[in-house]
Structure formats: C-alpha cells, structure tokens
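Working notes, beginning with the structure itself.
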Amino acid sequence: MKAILYYVHDPMCSWCWGFSRVLNELLENLPKEIEVHRLLGGLAVDSDVPMPKSMQQYIKGNWSKIEDRIPGVKFNFDFWSKCIPRRSTYPACRAVIAARQQGQQYDVLMTKEIQKAYYQNALNPSDTLTLIKLAEILNLSLEKFKQDLLSDETQEKLIKEIGLTRELFAESFPNLVLQVGDEHYSIPLDYNNSKTMLDEITKRLAT
C-alpha cells in the first residue's frame with residue numbers, strides 16, 4: 001500500500017529551523033517504502049510594510065523559546081537591528097520553488113540557505129536581492145532563477161501547494177502528515193527525539 005510522508009514547512013518559520021536536525025534524523029531512518037513530499041505552507045503573504053514592533057517582540061520571544069526548548073539551536077538576534085523586518089515569507093517560498101525548477105535537490109538546499117541567511121547571518125530573505133545571492137551561492141543559473149522567482153507561474157505553484165496543505169489540515173508549521181492508502185494521519189512532533197515520530201509512523205503503517 002502506497003505511503004507518503006508530507007513535510008509541511010515555510011523556509012522562514014523559526015520552529016522549522018529548530019526542527020531541522022531531528023527532521024533529518026527522522027528522514028534518514030524512515031522505511032524505504034515511504035515517499036517524502038515537501039510542501040510549502042506559506043506563512044505570510046507579500047508585503048512591503050515594516051513589521052510592527054509588537055510582532056517583532058513576539059517573534060523574538062519565539063526565538064528565545066526555541067533556544068530554551070531545543071538544545072543546540074541558536075539564532076542571531078542581530079537580524080532585528082541590521083534589517084527592516086517585514087511579515088512576508090512568500091518571496092522565500094517562491095525562491096524554493098524557483099530553485100527546485102533547476103533540480104529537485106535544490107528544494108532542500110535553498111531552504112537550508114534561506115534558514116542560514118535569516119537565522120545565522122542576519123540577512124532578510126523577504127528581500128529579492130538576498131534570495132538572488134543565495135541562488136548564486138548554490139551555483140544556480142541566475143538568469144533562470146530571477147525569471148522563475150518573479151513569474152506568475154511560480155506564484156500559481158505556491159498557491160496550489162498552500163491549497164494542498166490546507167486539504168491535509170496542516171495549517172501550522174512544521175507539520176508531518178502520513179498518508180497510507182486513502183487514510184491521513186497527523187504525526188505529533190517531537191523537537192528533540194526523532195524516534196517517537198518514527199515509532200508513530202511505523203505503527204500507522206501496520207494498521
């Protein structure tokens with residue numbers, strides 16, 4: 001029976017950054033018969049408006065909470081003084097899709113570069129110039145990347161992907177949904193132990 005594990009995320013989701021190490025462990029130990037599909041959930045639509053101070057404080061609080069909850073995860077809080085933050089993650093999501101157009105492996109690689117830029121190097125992935133720099137780091141074709149990043153087709157793909165996440169009832173990020181045949185199961189997240197999630201997936205496969 002066909003099994004798919006959907007990983008729903010946003011490259012600018014701080015909890016997704018915190019989850020990345022355990023996610024990698026989970027995927028490395030996943031039964032080979034399970035297909036893994038990565039889906040972009042799209043946290044925040046395009047916006048040129050600076051983020052309100054209250055939201056900045058809320059997100060900074062989340063960063064501190066994640067550092068406390070997940071050993072080894074660190075954020076560069078210089079971002080908040082060096083950049084003009086905007087509540088806008090769709091550009092970063094489109095960058096993942098545009099990178100993916102040049103090879104499926106770039107879905108993961110661009111996501112990692114966005115996270116590194118945002119959380120470690122205090123760069124703003126809401127900015128097109130930042131995303132182009134990341135494409136250059138990945139040795140992508142810059143002409144194609146720029147064209148795809150700003151195309152209507154890429155935006156349509158993002159909206160379609162977001163729609164699928166909603167069909168899966170995966171509206172918070174990160175999120176894991178296991179499909180076995182026609183059944184769908186939400187997999188509870190454990191930010192510090194991949195085995196608990198692997199055990200749940202194995203149990204669902206056996207039902």
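The values are calculated or read from the model by the stated rules, or taken from the named source; none is laboratory data. It should be emphasised that the depicted structure is a prediction, and the values quoted were computed from it without experimental measurement. So basically every Cβ, Gly included, is an ideal-geometry build from the backbone, and we count neighbours across all protein chains shown.
Which residue is surrounded by the most Cβ atoms within 10 Å (Cβ to Cβ), if the candidates are limited to the stretch 116-131 and must be closer than 18 Å to Ser20 by Cβ and free of Cβ contacts under 8 Å to residues at least 24 places away in the same chain?
Here the answer is Ala117.
Looking at the stretch 150-186 only, could you name the residues that are touching a Lys or Arg at 6+ places or on another chain (Cβ under 7 Å) and either part of a helix (DSSP H, G or I) or in contact (Cβ under 8 Å) with a residue 24 or more places away in the chain (or both)?
From the stretch 150-186, those touching a Lys or Arg at 6+ places or on another chain (Cβ under 7 Å) are 154-155, 158, 178, 180-181, 185; that's our starting set.
Across the stretch 150-186, the qualifying residues are Thr154, Gln155, Leu158, Leu178, Val180, Gly181.
If I filter the stretch 140-160 for residues that are closer than 24 Å to Val73 by Cβ and at pLDDT 95 or above, do I get at least one hit? Before the answer, list the steps.
Step one: of the stretch 140-160, the residues closer than 24 Å to Val73 by Cβ are none.
Within the stretch 140-160 (the criterion being closer than 24 Å to Val73 by Cβ and at pLDDT 95 or above), the answer is no, since none of the residues qualifies.
Quick check: is even one residue across the stretch 39-61 surrounded by fewer than 17 Cβ atoms within 10 Å (Cβ to Cβ), within 30 Å of Thr202 (Cβ to Cβ), of a type outside the set (A, V, I, L, M, F, W, C) and modelled with pLDDT of 95 or more?
The answer is no; no qualifying residue exists.
Tell me, which residue of the stretch 187-207 that is of a type outside the set (A, V, I, L, M) and in a loop (DSSP other than H, G, I, E, B) is farthest from Val8 (Cα to Cα)? Break it down stepwise before answering.
Here is the first cut: in the stretch 187-207, the ones of a type outside the set (A, V, I, L, M) are 188, 190-196, 199-200, 202-204, 207.
Okay, now just the ones that are also in a loop (DSSP other than H, G, I, E, B), so 188, 190-193, 207.
Values: Pro188: 13, Asp190: 15, Tyr191: 15, Asn192: 18, Asn193: 18, Thr207: 23 Å.
By that ranking, first place goes to Thr207.
Across the stretch 137-154, what is the number of residues that are within 21 Å of Asp46 (Cα to Cα) and crowded, with 16+ Cβ neighbours inside 10 Å? Can you show your working first?
To start, the set of residues in the stretch 137-154 that are within 21 Å of Asp46 (Cα to Cα) comprises 145-154.
If we keep only those that are crowded, with 16+ Cβ neighbours inside 10 Å too, we end up with 145-146, 148-149, 154.
Within the stretch 137-154, residues that are within 21 Å of Asp46 (Cα to Cα) and crowded, with 16+ Cβ neighbours inside 10 Å number 5.
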